[in-house]
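Bear in mind that the values in this text are calculations on the coordinates, not laboratory data. On a predicted model such as this, the values are computed, not experimentally measured, just so you know. Cβ sites come from the backbone with ideal geometry, for glycine too, and all protein chains shown count toward neighbours.
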Amino acid sequence: MQTTPSSINQHLPVPRSSTKTRSLLIPNNQKIAVKSEHHHPAKSNGAATATRRLAESLSGLLRVHIETPLRKELHQIDWSCLDHSDRTTPTSSPKEDISEKWCELHGLTDWDNLLDPLHPWLRREIIKYGEFSQATYDAFDFDSFSEYCGSCRYNPKRFFEKLGLGKNGYVMSKYIYAMSHIDMPRWLQRSNLVEETWSKDSNWMGFVAVSNGEESRRIGRRDIVVAWRGTVAPSEWYEDLQRKLEPIGDGDVRVEHGFLSIYTSKCDTTRYNKSSASEQVMKEVRRLVSFYRERGEEVSLTITGHSLGGALGLLNAYEAASSLPGLPISVISFGAPRVGNVAFREKLQQMGVKTLRVVVKQDVVPKMPGLMLNEGLERFDDFTGPLEWVYTHVGAELRLDVSSSPYLKRGLDLLGFHSQETYLHLVDGFLSSASTFRSDARRDIALVNKACGLLVDELRIPHCWYQLANKGLVLNSYGRWVKPKRDPEDIPSPSREAPSHQQVFGEVPTSNYEGTEGSTPFFQFSMDSISLYI
């Protein structure tokens, strides 16, 4: 397989110069002249040097990136160099027929020779699935003053249209809901209107979709996608994580107890979780696989998610591979934490699950759990033997760096580093570890600031700009600002959430969205109380 078409321009790193003016690469070959004050190297301070070396040593031991202080520079942007007319260019590239290369792009050879440099076809596939993951945030109602807090804002039939993903080639099949029996007060979004909530126990956690006819022909198969939502607030990333690995299945396989609880919890008295997220998603996946295989089509399962969603995606892949042997399964996650131990990783590999983890170097979430007790200890296996209680990552890694983009601020910004939109921006601009940010990146830079403020202020993009008009209030006929009622079709209702792709493909049977049909849980676990925020 050709790893890098001739159409891709490789850019060498820009050398440091003694001049006072440098250029930042802007999409569509725009340039911004940046004037900076020249700094002469100062005499090194012995204590500072020793401290820096100690930090670097600790960072290597703990496998944690520690930024050393950067030299301060005064920037003065010459905006006359920015050609605003180029902002009318499309934000996406034409889709190529990848049917002959789909297996390689989804990990047949564990993405060998495809990640560095990053193959452009793979880049577009990563972004495609990343946009599904981002959609789970954009559609989520996290307004604590909404009676529908914790639900999806849109009904399945309008989901992709409302989020601008109508051309991505997939049709909604089913929504997924989750709950947890452990103490997770900030993970489970709650409305302040306790007596009026649409559901007191469940959260909308993602969806199952399937490629339409055109997209299936382009990729050479019917692709079932499961997208899992992560958490919303940065305070949820990590607060009181007990390093408790819970056994699942047979043997020594163990996974994090809190993730497992979200994936498997259910209660007969709830509206949306009479069946667990595990049972909901697997029932729908089995239904779709059976239907399309009976039609003689090749079928694949691609699971994606960001943060907590990436962790749930691995549990989903583990269960799917165990119950649907022979089904090609790949996981493309963003900023995901560790989920299980070495035996969990090895079992996934044995079952043929292909996992690509997209990681930003400055993001702290992928370093957890197992900040110190992680896969780095495998080097001591000869002395200790396999350590069942050590967390480990799974699969191949695409490692990105915030400092590679000229549009992103330097300094500490935990929210910005972890944002899904930051990940997509960096994927879109990545050529290789030896190249600068690509100048012909197409994804809109303004999207980075949807929920953070990581873009440099010179771009004049407001922080956290993605929100409802007037923060959800509307002017009624009496001239008063009020919270509007949802359109009836967007009000959460299990009976109304019929699969929209039935209208497209006609022959697909209707799913049971009430979740009343339980099955023997794939995972068995105890319900000890912990607090977990990832």
Region 121-160 shape via C-alpha gyration tensor axes, a/c threshold 1.5: oblate
Cα-based shape type of region 239-325, given that a ≥ b ≥ c are square roots of the gyration tensor eigenvalues and the cut on a/c is 1.5: prolate
Sorted peptide list for 419-429, 304-314, criterion being average Cβ within 10 angstrom, highest first: 304-314, 419-429
For peptides 266-277, 337-348, sequence by mean Cβ density within 10 Å, most packed first: 337-348, 266-277
Amide H contacts of LEU400 (H built 1.01 Å from N, under 5 Å, at least 5 apart or other chain): VAL359, VAL360, LYS361
Full-stretch length increase - ASP250, LYS361 - with 0.36 nm per residue and alpha-carbon distance subtracted: 36.5 nm
Pairwise label distance in nanometres, SER439 with LEU414, each label 7 Å out on the Cα-Cβ vector: 3.9 nm
Relative packing of 102-108, 202-208, which averages over residues the other C-beta atoms within 10 Å, highest first: 202-208, 102-108
Karplus-derived 3J(HN,Hα), 6.51/-1.76/1.60, for each residue of region 274-291, Hz, glycine and proline x: 4, 10, 6, 4, 4, 5, 4, 5, 6, 4, 6, 4, 4, 4, 5, 4, 4, 4
Full-extension gain in nm, ARG158 to SER432, via 0.36 nm per residue minus C-alpha separation: 94.9 nm
Three-way shape call for region 414-470 based on the alpha-carbon gyration tensor, with the a/c threshold at 1.5: prolate
